[in-house]
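> Below are the C-alpha coordinates for one structure; questions will follow.
The values are calculated or read from the model by the stated rules, or taken from the named source; none is laboratory data. Everything quoted here is computed from the prediction, not taken from an experiment. Positions of Cβ are backbone-derived with ideal geometry, glycine not excepted, and every protein chain shown enters the neighbour counts. Ligands, DNA and RNA are excluded from the accessible area calculation, which covers all protein heavy atoms including side chains. Shrake-Rupley method; radii C 1.70, N 1.55, O 1.52, S 1.80 Å.
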Number of protein chains: 2
Amino acid sequence: MAAGQEDVKLLGVVGSPFVCRVQIALKLKGIEYKFVEENLANKSDLLLKSNPVHKKVPVFIHNEKPIAESLVIVEYIDETWKNNPILPSEPYHRALARFWSKFIDDKVFGAAWKSVFTLDEKEREKNVEESLEALQFLENELKDNKFFGGEEFGLVDIAAIFIAFWIPIFQEIAGLQIFTSEKFPKLYKWSQEFMSHPVVKEVLPPRDPLFCLLQARYESLSASK
Amino acid sequence: MAAGQEDVKLLGVVGSPFVCRVQIALKLKGIEYKFVEENLANKSDLLLKSNPVHKKVPVFIHNEKPIAESLVIVEYIDETWKNNPILPSEPYHRALARFWSKFIDDKVFGAAWKSVFTLDEKEREKNVEESLEALQFLENELKDNKFFGGEEFGLVDIAAIFIAFWIPIFQEIAGLQIFTSEKFPKLYKWSQEFMSHPVVKEVLPPRDPLFCLLQARYESLSASK
(Lines give C-alpha, C1' and ligand atoms only; values in the text may rest on other atoms or scores of the structure.)
Protein backbone atom coordinates (compact mmCIF):
# COMPACT_ATOMS: atom_id res chain seq x y z
CA MET A 1 0.00 0.00 0.00
CA ALA A 2 1.39 3.42 -0.96
CA ALA A 3 2.31 5.77 1.87
CA GLY A 4 -0.58 7.95 2.95
CA GLN A 5 -3.12 5.71 1.27
CA GLU A 6 -5.89 4.54 3.57
CA ASP A 7 -7.22 1.01 3.41
CA VAL A 8 -10.67 1.11 5.02
CA LYS A 9 -12.99 -1.90 5.09
CA LEU A 10 -16.26 -2.57 6.84
CA LEU A 11 -17.39 -6.16 7.24
CA GLY A 12 -21.14 -6.10 7.64
CA VAL A 13 -24.58 -7.17 6.58
CA VAL A 14 -27.31 -4.94 5.16
CA GLY A 15 -30.10 -4.50 7.69
CA SER A 16 -28.04 -4.55 10.90
CA PRO A 17 -28.51 -1.52 13.16
CA PHE A 18 -24.99 -2.01 14.51
CA VAL A 19 -23.44 -1.98 11.05
CA CYS A 20 -25.60 1.03 10.20
CA ARG A 21 -24.07 2.98 13.11
CA VAL A 22 -20.61 2.58 11.59
CA GLN A 23 -21.91 3.53 8.16
CA ILE A 24 -23.41 6.75 9.52
CA ALA A 25 -20.10 7.66 11.18
CA LEU A 26 -18.13 6.94 8.00
CA LYS A 27 -20.55 8.90 5.82
CA LEU A 28 -20.52 11.85 8.24
CA LYS A 29 -16.73 11.98 8.08
CA GLY A 30 -16.73 11.53 4.30
CA ILE A 31 -14.49 8.45 4.48
CA GLU A 32 -14.29 6.20 1.43
CA TYR A 33 -14.49 2.54 2.40
CA LYS A 34 -15.09 -0.89 1.00
CA PHE A 35 -18.23 -2.61 2.29
CA VAL A 36 -17.58 -6.35 2.53
CA GLU A 37 -20.92 -8.13 2.75
CA GLU A 38 -20.82 -11.12 5.07
CA ASN A 39 -22.97 -14.23 4.88
CA LEU A 40 -23.70 -14.94 8.54
CA ALA A 41 -24.60 -18.53 7.76
CA ASN A 42 -21.12 -19.00 6.33
CA LYS A 43 -18.80 -16.44 7.86
CA SER A 44 -15.67 -15.48 5.96
CA ASP A 45 -12.19 -16.34 7.18
CA LEU A 46 -11.53 -12.61 7.33
CA LEU A 47 -14.42 -12.11 9.78
CA LEU A 48 -13.41 -15.06 11.96
CA LYS A 49 -9.80 -13.90 12.01
CA SER A 50 -10.69 -10.24 12.64
CA ASN A 51 -13.22 -10.82 15.42
CA PRO A 52 -12.32 -14.20 16.94
CA VAL A 53 -14.00 -13.26 20.22
CA HIS A 54 -17.54 -12.51 19.08
CA LYS A 55 -17.41 -13.60 15.40
CA LYS A 56 -19.95 -10.86 14.68
CA VAL A 57 -20.34 -7.88 12.39
CA PRO A 58 -19.59 -5.01 12.23
CA VAL A 59 -15.84 -5.31 12.02
CA PHE A 60 -13.96 -2.23 10.91
CA ILE A 61 -10.52 -2.78 9.37
CA HIS A 62 -8.29 0.25 9.02
CA ASN A 63 -4.93 -0.39 7.36
CA GLU A 64 -5.30 -4.08 8.26
CA LYS A 65 -6.02 -3.40 11.94
CA PRO A 66 -9.42 -4.81 12.92
CA ILE A 67 -11.80 -3.34 15.50
CA ALA A 68 -15.10 -4.85 16.68
CA GLU A 69 -18.09 -3.49 18.67
CA SER A 70 -20.05 -0.74 16.92
CA LEU A 71 -19.67 1.99 19.56
CA VAL A 72 -15.96 1.26 19.96
CA ILE A 73 -15.61 1.59 16.18
CA VAL A 74 -17.53 4.87 16.09
CA GLU A 75 -15.28 6.35 18.80
CA TYR A 76 -12.21 5.13 16.90
CA ILE A 77 -13.45 6.79 13.72
CA ASP A 78 -14.06 10.01 15.64
CA GLU A 79 -10.57 9.98 17.14
CA THR A 80 -8.87 9.15 13.84
CA TRP A 81 -10.70 11.55 11.52
CA LYS A 82 -11.22 14.85 13.30
CA ASN A 83 -13.65 16.64 10.95
CA ASN A 84 -17.38 16.70 11.84
CA PRO A 85 -16.94 15.59 15.47
CA ILE A 86 -19.20 12.83 16.77
CA LEU A 87 -18.38 13.17 20.46
CA PRO A 88 -18.48 16.52 22.25
CA SER A 89 -15.08 18.01 23.12
CA GLU A 90 -15.79 18.64 26.81
CA PRO A 91 -15.17 15.64 29.15
CA TYR A 92 -18.48 15.88 31.03
CA HIS A 93 -20.52 15.93 27.85
CA ARG A 94 -18.41 13.09 26.45
CA ALA A 95 -19.22 11.08 29.57
CA LEU A 96 -22.94 11.75 29.15
CA ALA A 97 -22.78 10.73 25.49
CA ARG A 98 -21.09 7.46 26.46
CA PHE A 99 -23.58 6.89 29.28
CA TRP A 100 -26.62 7.28 27.02
CA SER A 101 -25.22 5.18 24.18
CA LYS A 102 -24.49 2.41 26.64
CA PHE A 103 -28.02 2.86 28.01
CA ILE A 104 -29.45 2.30 24.53
CA ASP A 105 -27.48 -0.91 24.12
CA ASP A 106 -28.20 -2.20 27.62
CA LYS A 107 -31.81 -1.13 28.13
CA VAL A 108 -33.47 -0.51 24.76
CA PHE A 109 -32.09 -3.00 22.29
CA GLY A 110 -32.69 -6.27 24.14
CA ALA A 111 -36.06 -5.23 25.53
CA ALA A 112 -37.38 -4.09 22.14
CA TRP A 113 -36.10 -7.24 20.44
CA LYS A 114 -37.72 -9.49 23.03
CA SER A 115 -40.97 -7.51 22.86
CA VAL A 116 -41.35 -9.10 19.45
CA PHE A 117 -39.14 -12.15 19.20
CA THR A 118 -40.14 -14.12 22.25
CA LEU A 119 -42.66 -16.90 22.68
CA ASP A 120 -43.65 -16.43 26.28
CA GLU A 121 -46.50 -13.91 26.66
CA LYS A 122 -45.46 -12.76 30.14
CA GLU A 123 -41.90 -12.30 28.98
CA ARG A 124 -43.18 -10.28 26.04
CA GLU A 125 -45.26 -8.01 28.25
CA LYS A 126 -42.37 -7.47 30.63
CA ASN A 127 -40.15 -6.47 27.75
CA VAL A 128 -42.72 -4.11 26.27
CA GLU A 129 -42.91 -2.39 29.65
CA GLU A 130 -39.14 -2.20 29.90
CA SER A 131 -38.94 -0.74 26.39
CA LEU A 132 -41.49 1.93 27.27
CA GLU A 133 -39.68 2.82 30.46
CA ALA A 134 -36.34 3.09 28.65
CA LEU A 135 -37.80 5.23 25.86
CA GLN A 136 -39.31 7.55 28.46
CA PHE A 137 -35.82 8.23 29.83
CA LEU A 138 -34.66 9.12 26.33
CA GLU A 139 -37.73 11.32 25.71
CA ASN A 140 -36.83 13.25 28.86
CA GLU A 141 -33.15 13.42 28.00
CA LEU A 142 -33.82 14.84 24.54
CA LYS A 143 -35.55 17.87 26.08
CA ASP A 144 -36.19 20.38 23.27
CA ASN A 145 -33.02 19.70 21.38
CA LYS A 146 -33.06 18.86 17.71
CA PHE A 147 -30.64 15.98 18.27
CA PHE A 148 -29.21 14.30 21.36
CA GLY A 149 -25.97 15.93 20.18
CA GLY A 150 -27.63 19.38 20.10
CA GLU A 151 -27.81 21.20 16.76
CA GLU A 152 -25.73 18.48 15.07
CA PHE A 153 -26.16 14.76 15.60
CA GLY A 154 -23.60 12.83 17.62
CA LEU A 155 -22.81 9.53 19.35
CA VAL A 156 -26.18 9.09 21.08
CA ASP A 157 -28.13 9.81 17.90
CA ILE A 158 -26.01 7.29 16.03
CA ALA A 159 -26.53 4.70 18.78
CA ALA A 160 -30.26 5.43 18.69
CA ILE A 161 -30.73 4.75 14.97
CA PHE A 162 -32.10 1.42 16.14
CA ILE A 163 -35.01 3.26 17.77
CA ALA A 164 -35.74 5.51 14.80
CA PHE A 165 -35.66 2.90 12.06
CA TRP A 166 -35.83 -0.62 13.51
CA ILE A 167 -38.36 -0.34 16.35
CA PRO A 168 -41.14 0.98 14.05
CA ILE A 169 -40.62 -2.08 11.84
CA PHE A 170 -40.64 -4.41 14.85
CA GLN A 171 -43.84 -3.03 16.27
CA GLU A 172 -45.64 -3.07 12.93
CA ILE A 173 -44.78 -6.74 12.48
CA ALA A 174 -45.97 -7.70 15.94
CA GLY A 175 -48.94 -5.31 16.07
CA LEU A 176 -47.50 -3.56 19.11
CA GLN A 177 -47.51 0.10 20.07
CA ILE A 178 -44.15 0.86 21.64
CA PHE A 179 -42.59 3.85 19.94
CA THR A 180 -45.39 6.15 18.78
CA SER A 181 -45.73 9.90 18.29
CA GLU A 182 -48.47 9.98 20.94
CA LYS A 183 -46.38 8.26 23.61
CA PHE A 184 -43.05 9.92 22.80
CA PRO A 185 -43.66 13.13 20.81
CA LYS A 186 -40.14 14.54 21.19
CA LEU A 187 -38.40 11.27 20.43
CA TYR A 188 -40.70 10.74 17.47
CA LYS A 189 -39.94 14.20 16.08
CA TRP A 190 -36.24 13.48 16.60
CA SER A 191 -36.53 10.19 14.72
CA GLN A 192 -38.11 11.89 11.69
CA GLU A 193 -35.49 14.65 11.71
CA PHE A 194 -32.63 12.19 12.10
CA MET A 195 -33.77 9.78 9.41
CA SER A 196 -34.24 12.60 6.92
CA HIS A 197 -30.72 13.93 7.54
CA PRO A 198 -28.86 13.50 4.22
CA VAL A 199 -26.07 11.45 5.85
CA VAL A 200 -28.44 9.05 7.55
CA LYS A 201 -30.94 8.79 4.70
CA GLU A 202 -28.21 7.59 2.40
CA VAL A 203 -27.04 4.70 4.57
CA LEU A 204 -30.34 3.36 5.92
CA PRO A 205 -31.08 -0.09 4.53
CA PRO A 206 -34.07 -0.46 2.19
CA ARG A 207 -37.12 -0.88 4.45
CA ASP A 208 -39.19 -3.44 2.50
CA PRO A 209 -36.73 -6.34 2.28
CA LEU A 210 -35.82 -5.85 5.96
CA PHE A 211 -39.51 -5.82 6.89
CA CYS A 212 -40.10 -9.07 4.97
CA LEU A 213 -37.08 -10.74 6.54
CA LEU A 214 -38.11 -9.81 10.08
CA GLN A 215 -41.74 -10.67 9.39
CA ALA A 216 -40.74 -14.14 8.18
CA ARG A 217 -38.73 -14.59 11.36
CA TYR A 218 -41.67 -13.45 13.47
CA GLU A 219 -44.10 -15.75 11.68
CA SER A 220 -41.84 -18.76 11.98
CA LEU A 221 -41.54 -18.04 15.70
CA SER A 222 -45.33 -17.66 16.06
CA ALA A 223 -45.86 -20.90 14.13
CA SER A 224 -43.67 -22.75 16.60
CA LYS A 225 -45.96 -21.85 19.50
CA MET B 1 -17.09 26.91 46.32
CA ALA B 2 -13.93 28.94 45.81
CA ALA B 3 -12.63 29.25 42.28
CA GLY B 4 -10.18 26.51 41.38
CA GLN B 5 -11.31 24.31 44.24
CA GLU B 6 -12.45 20.86 43.21
CA ASP B 7 -15.47 19.18 44.76
CA VAL B 8 -15.06 15.45 44.16
CA LYS B 9 -17.42 12.87 45.62
CA LEU B 10 -17.82 9.16 45.05
CA LEU B 11 -21.08 7.50 46.08
CA GLY B 12 -20.32 3.85 46.66
CA VAL B 13 -20.33 0.79 48.85
CA VAL B 14 -17.32 -1.05 50.16
CA GLY B 15 -16.96 -4.41 48.42
CA SER B 16 -18.26 -3.47 44.97
CA PRO B 17 -15.87 -4.21 42.09
CA PHE B 18 -17.43 -1.37 40.11
CA VAL B 19 -16.83 1.16 42.86
CA CYS B 20 -13.31 -0.23 43.28
CA ARG B 21 -12.56 0.56 39.62
CA VAL B 22 -13.27 4.23 40.23
CA GLN B 23 -11.22 4.20 43.43
CA ILE B 24 -8.21 2.76 41.58
CA ALA B 25 -8.48 5.50 38.94
CA LEU B 26 -8.76 8.25 41.57
CA LYS B 27 -5.84 6.87 43.57
CA LEU B 28 -3.68 6.53 40.45
CA LYS B 29 -4.32 10.17 39.58
CA GLY B 30 -3.78 11.29 43.18
CA ILE B 31 -7.20 12.96 43.38
CA GLU B 32 -8.58 13.80 46.80
CA TYR B 33 -12.25 12.83 47.11
CA LYS B 34 -14.99 12.27 49.59
CA PHE B 35 -16.28 8.69 49.74
CA VAL B 36 -20.00 8.76 50.50
CA GLU B 37 -21.04 5.31 51.71
CA GLU B 38 -24.48 4.30 50.48
CA ASN B 39 -26.91 1.96 52.14
CA LEU B 40 -28.35 0.04 49.22
CA ALA B 41 -31.38 -1.01 51.26
CA ASN B 42 -32.18 2.66 51.81
CA LYS B 43 -30.64 4.69 49.03
CA SER B 44 -29.88 8.35 49.65
CA ASP B 45 -31.74 11.13 47.89
CA LEU B 46 -28.41 12.19 46.45
CA LEU B 47 -27.96 8.78 44.81
CA LEU B 48 -31.52 8.68 43.46
CA LYS B 49 -31.19 12.22 42.10
CA SER B 50 -27.72 11.64 40.66
CA ASN B 51 -28.44 8.33 38.94
CA PRO B 52 -32.21 8.29 38.36
CA VAL B 53 -31.82 5.81 35.50
CA HIS B 54 -30.07 2.91 37.22
CA LYS B 55 -30.17 4.02 40.89
CA LYS B 56 -26.86 2.21 41.37
CA VAL B 57 -23.39 2.92 42.64
CA PRO B 58 -20.80 4.05 41.73
CA VAL B 59 -21.83 7.61 41.04
CA PHE B 60 -19.03 10.12 40.63
CA ILE B 61 -19.88 13.76 41.33
CA HIS B 62 -17.40 16.37 40.14
CA ASN B 63 -18.29 19.95 40.98
CA GLU B 64 -21.92 18.88 41.38
CA LYS B 65 -22.09 17.15 38.00
CA PRO B 66 -22.93 13.45 38.40
CA ILE B 67 -21.71 10.60 36.20
CA ALA B 68 -22.74 6.94 36.43
CA GLU B 69 -21.36 3.68 34.98
CA SER B 70 -17.89 2.71 36.24
CA LEU B 71 -16.08 2.60 32.89
CA VAL B 72 -17.64 5.89 31.79
CA ILE B 73 -16.44 7.42 35.05
CA VAL B 74 -12.92 6.05 34.62
CA GLU B 75 -12.71 7.53 31.11
CA TYR B 76 -14.00 10.86 32.44
CA ILE B 77 -11.35 10.88 35.16
CA ASP B 78 -8.69 10.12 32.58
CA GLU B 79 -9.83 12.95 30.30
CA THR B 80 -10.12 15.45 33.15
CA TRP B 81 -6.88 14.74 35.02
CA LYS B 82 -4.13 14.12 32.49
CA ASN B 83 -1.33 12.78 34.72
CA ASN B 84 -0.70 9.00 34.85
CA PRO B 85 -2.77 8.16 31.76
CA ILE B 86 -5.24 5.28 31.98
CA LEU B 87 -6.05 4.96 28.29
CA PRO B 88 -3.31 4.73 25.65
CA SER B 89 -2.85 7.85 23.50
CA GLU B 90 -3.05 6.13 20.12
CA PRO B 91 -6.61 5.63 18.75
CA TYR B 92 -6.16 1.97 17.79
CA HIS B 93 -4.87 1.02 21.21
CA ARG B 94 -7.63 3.09 22.83
CA ALA B 95 -10.17 1.11 20.79
CA LEU B 96 -8.65 -2.19 21.94
CA ALA B 97 -8.71 -1.04 25.57
CA ARG B 98 -12.41 -0.17 25.24
CA PHE B 99 -13.13 -3.45 23.48
CA TRP B 100 -11.55 -5.58 26.21
CA SER B 101 -13.08 -3.64 29.09
CA LYS B 102 -16.50 -4.07 27.51
CA PHE B 103 -15.68 -7.76 27.02
CA ILE B 104 -15.00 -8.12 30.74
CA ASP B 105 -18.35 -6.53 31.60
CA ASP B 106 -20.31 -8.46 28.98
CA LYS B 107 -18.67 -11.88 29.11
CA VAL B 108 -16.87 -12.33 32.43
CA PHE B 109 -18.86 -10.58 35.11
CA GLY B 110 -22.30 -12.12 34.58
CA ALA B 111 -20.97 -15.60 33.84
CA ALA B 112 -18.73 -15.66 36.92
CA TRP B 113 -21.54 -14.34 39.14
CA LYS B 114 -23.98 -16.95 37.86
CA SER B 115 -21.39 -19.70 38.25
CA VAL B 116 -21.93 -19.22 41.96
CA PHE B 117 -25.22 -17.45 42.56
CA THR B 118 -27.64 -19.59 40.63
CA LEU B 119 -29.85 -22.43 41.73
CA ASP B 120 -30.11 -24.42 38.54
CA GLU B 121 -27.25 -26.89 38.16
CA LYS B 122 -27.27 -26.84 34.36
CA GLU B 123 -27.29 -23.05 34.36
CA ARG B 124 -24.37 -23.10 36.77
CA GLU B 125 -22.36 -25.47 34.58
CA LYS B 126 -23.06 -23.41 31.49
CA ASN B 127 -21.84 -20.30 33.26
CA VAL B 128 -18.69 -21.97 34.54
CA GLU B 129 -17.91 -22.98 30.97
CA GLU B 130 -18.58 -19.47 29.71
CA SER B 131 -16.35 -18.02 32.42
CA LEU B 132 -13.51 -20.36 31.46
CA GLU B 133 -13.90 -19.51 27.80
CA ALA B 134 -13.87 -15.76 28.50
CA LEU B 135 -10.83 -16.01 30.79
CA GLN B 136 -8.99 -17.95 28.08
CA PHE B 137 -9.43 -15.00 25.71
CA LEU B 138 -7.94 -12.72 28.35
CA GLU B 139 -5.07 -15.13 29.03
CA ASN B 140 -4.23 -15.03 25.31
CA GLU B 141 -4.63 -11.26 25.11
CA LEU B 142 -2.26 -10.65 28.01
CA LYS B 143 0.58 -12.35 26.11
CA ASP B 144 3.78 -11.79 28.05
CA ASN B 145 2.96 -8.30 29.21
CA LYS B 146 3.13 -7.31 32.83
CA PHE B 147 -0.23 -5.57 32.57
CA PHE B 148 -2.92 -5.38 29.89
CA GLY B 149 -1.80 -1.76 29.63
CA GLY B 150 1.85 -2.85 29.07
CA GLU B 151 4.46 -1.77 31.61
CA GLU B 152 1.90 0.36 33.48
CA PHE B 153 -1.66 -0.68 34.26
CA GLY B 154 -4.56 0.86 32.32
CA LEU B 155 -8.27 0.66 31.55
CA VAL B 156 -8.41 -3.11 30.97
CA ASP B 157 -6.49 -3.87 34.17
CA ILE B 158 -8.84 -1.63 36.11
CA ALA B 159 -11.88 -3.28 34.52
CA ALA B 160 -10.38 -6.69 35.33
CA ILE B 161 -9.96 -6.07 39.07
CA PHE B 162 -13.11 -8.14 39.38
CA ILE B 163 -11.18 -11.15 38.07
CA ALA B 164 -8.15 -10.63 40.28
CA PHE B 165 -9.92 -10.06 43.58
CA TRP B 166 -13.58 -11.12 43.39
CA ILE B 167 -13.51 -14.33 41.33
CA PRO B 168 -11.08 -16.08 43.76
CA ILE B 169 -13.52 -15.29 46.59
CA PHE B 170 -16.48 -16.52 44.56
CA GLN B 171 -14.86 -19.81 43.67
CA GLU B 172 -13.66 -20.50 47.20
CA ILE B 173 -17.19 -20.01 48.51
CA ALA B 174 -18.73 -22.31 45.94
CA GLY B 175 -15.90 -24.86 45.86
CA LEU B 176 -15.34 -24.21 42.17
CA GLN B 177 -12.13 -24.04 40.16
CA ILE B 178 -12.51 -21.28 37.63
CA PHE B 179 -9.58 -18.90 37.87
CA THR B 180 -6.54 -20.90 38.94
CA SER B 181 -2.80 -20.58 38.32
CA GLU B 182 -2.84 -23.97 36.58
CA LYS B 183 -5.58 -23.04 34.14
CA PHE B 184 -4.51 -19.44 33.49
CA PRO B 185 -0.85 -19.00 34.48
CA LYS B 186 -0.36 -15.62 32.79
CA LEU B 187 -3.61 -14.17 34.05
CA TYR B 188 -2.88 -15.48 37.53
CA LYS B 189 0.59 -13.90 37.52
CA TRP B 190 -0.99 -10.64 36.31
CA SER B 191 -3.55 -10.76 39.13
CA GLN B 192 -0.84 -11.11 41.79
CA GLU B 193 1.19 -8.31 40.25
CA PHE B 194 -1.82 -6.03 39.91
CA MET B 195 -3.15 -6.58 43.42
CA SER B 196 0.24 -5.91 44.95
CA HIS B 197 0.61 -2.61 43.06
CA PRO B 198 0.66 0.12 45.76
CA VAL B 199 -2.29 1.99 44.16
CA VAL B 200 -4.48 -1.09 43.97
CA LYS B 201 -3.46 -2.58 47.29
CA GLU B 202 -4.59 0.55 49.06
CA VAL B 203 -8.12 0.60 47.67
CA LEU B 204 -9.03 -3.10 47.69
CA PRO B 205 -11.78 -3.79 50.22
CA PRO B 206 -10.91 -5.95 53.25
CA ARG B 207 -11.23 -9.57 52.10
CA ASP B 208 -12.71 -11.24 55.19
CA PRO B 209 -15.92 -9.23 55.64
CA LEU B 210 -16.59 -9.43 51.90
CA PHE B 211 -16.00 -13.19 51.99
CA CYS B 212 -18.46 -13.57 54.89
CA LEU B 213 -21.07 -11.43 53.18
CA LEU B 214 -20.88 -13.36 49.93
CA GLN B 215 -20.74 -16.68 51.77
CA ALA B 216 -23.91 -15.82 53.68
CA ARG B 217 -25.59 -14.95 50.40
CA TYR B 218 -24.43 -18.24 48.87
CA GLU B 219 -25.62 -20.25 51.85
CA SER B 220 -29.01 -18.60 51.91
CA LEU B 221 -29.36 -19.39 48.20
CA SER B 222 -28.29 -23.01 48.72
CA ALA B 223 -30.71 -23.35 51.62
CA SER B 224 -33.58 -22.28 49.37
CA LYS B 225 -32.94 -25.20 47.01
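> Can we say A:Phe194 is of a type outside the set (Asp, Glu), closer than 29 Å to A:Arg94 by Cα and under 15 Å from the mean Cα position of the chain (by Cα)?
Yes, satisfied.
> Is the range B:28-39 home to any residue that is among the polar types (S, T, N, Q), free of Cβ contacts under 8 Å to residues at least 40 places away in the same chain, farther than 18 Å from B:Ala160 by Cβ and open to solvent by 30 Å² or more (accessible area, probe 1.4 Å)?
Yes; the residues of the range B:28-39 include at least one that is among the polar types (S, T, N, Q), free of Cβ contacts under 8 Å to residues at least 40 places away in the same chain, farther than 18 Å from B:Ala160 by Cβ and open to solvent by 30 Å² or more (accessible area, probe 1.4 Å).
> Follow-up question, since we're still on this one. Just to verify a result, which residue in the range A:167-208, among those that are under 18 Å from A:Glu152 (Cα atoms) and in contact with a Leu (Cβ under 7 Å, 6 or more places away or on another chain), is most open to solvent (accessible area, probe 1.4 Å)?
A:Lys186
> Here is a further query. Going by what's in this entry, would A:Lys43 be described as surrounded by 15 or more Cβ atoms within 10 Å (Cβ to Cβ) and farther than 24 Å from A:Phe153 by Cα?
yes
> Hey, another quick one. Any residue at all in the range B:97-105 that's more than 19 Å from B:Glu32 (Cβ to Cβ), open to solvent by 50 Å² or more (accessible area, probe 1.4 Å) and at the interface with chain A (Cβ under 7 Å from one of its Cβ atoms)?
yes
> What's the number of the only condition in (1) open to solvent by 20 Å² or more (accessible area, probe 1.4 Å); (2) farther than 19 Å from A:Thr80 by Cα; (3) within 9 Å of chain A (Cβ to nearest Cβ) that B:Tyr92 fails to meet?
(2) is the only condition that B:Tyr92 fails.
> Just to be sure before I move on: is B:Ile161 in contact (Cβ under 8 Å) with a residue 12 or more places away in the chain and more than 30 Å from B:Ile77 (Cα to Cα) in the structure I sent?
no
> Here is a further query. Filtering the range B:8-27 down to residues that are outside any helix (DSSP H, G or I) and open to solvent by 40 Å² or more (accessible area, probe 1.4 Å), which residue is nearest to B:Asp78 (Cα to Cα)?
Looking at the filtered set, the residue picked out is B:Lys9.
> Restricting to the range B:51-89, name every residue that is among the basic types (Lys, Arg) and at the interface with chain A (Cβ under 7 Å from one of its Cβ atoms).
B:Lys65
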